[in-house]
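Notes follow the structure.
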Amino acid sequence: PAARLAPRTFRSYLPRSHRTYSCVHCRAHLARHEELISKSFQGSHGRAYLFNSVVNVGCGPAEQRLLLTGLHSVADIFCQSCKTTLGWKYEQAFESSQKYKEGKFIIEMSHMVKENGWD
């Protein structure tokens, strides 16, 4: 007989009444639309969104990277459920004009799907 898959449980569930972004690979909730800061970011593999806060993500070690807007200390973030790398967290910005990004998260559009009430 076919093995039964255990139901997936996520660490955090966002309210159904809110427009949310979820992992396109496993549908784990990632962020509420209200946490979106900007849609005009560039990820490693295309367009990306900047969020104030996210859920159900893990964080790798911080490293310095030279991005389009200068040198930053960033840590890759991944989906806690399926382990897909989603983007990164800005740990430190070295230019004063980029300090607003510190503590914020980039998620690439190719890894997100919109759910709940977008019509």
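Hey, does region 13-32 have a residue that's assigned to a strand (DSSP E or B) and open to solvent by 30 Å² or more (accessible area, probe 1.4 Å)? Looking through region 13-32, at least one residue is assigned to a strand (DSSP E or B) and open to solvent by 30 Å² or more (accessible area, probe 1.4 Å).
Taken together, ILE77, ILE107 contain a single residue that is under 19 Å from HIS18 (Cβ atoms), touching a Gly at 6+ places or on another chain (Cβ under 9 Å) and either of a type in the set (Ser, Thr, Tyr) or not in a loop (DSSP other than H, G, I, E, B) (or both), which is ILE107. Restricting attention to region 42-53, report how many residues are open to solvent by 30 Å² or more (accessible area, probe 1.4 Å) and either closer than 14 Å to GLU102 by Cα or modelled with pLDDT under 95 (or both). Looking only at that region, the number is 5. Within region 90-119, being open to solvent by less than 70 Å² (accessible area, probe 1.4 Å) and basic (Lys, Arg) holds for LYS101, LYS104.
The values are calculated or read from the model by the stated rules, or taken from the named source; none is laboratory data. Not measured: the values here are computed from a predicted model. Glycine also receives a Cβ, built like all others from the backbone with ideal geometry; neighbour counts cover every protein chain displayed. Only protein heavy atoms, including side chains, enter the accessible area calculation; ligands, DNA and RNA are left aside. Shrake-Rupley method; radii C 1.70, N 1.55, O 1.52, S 1.80 Å.
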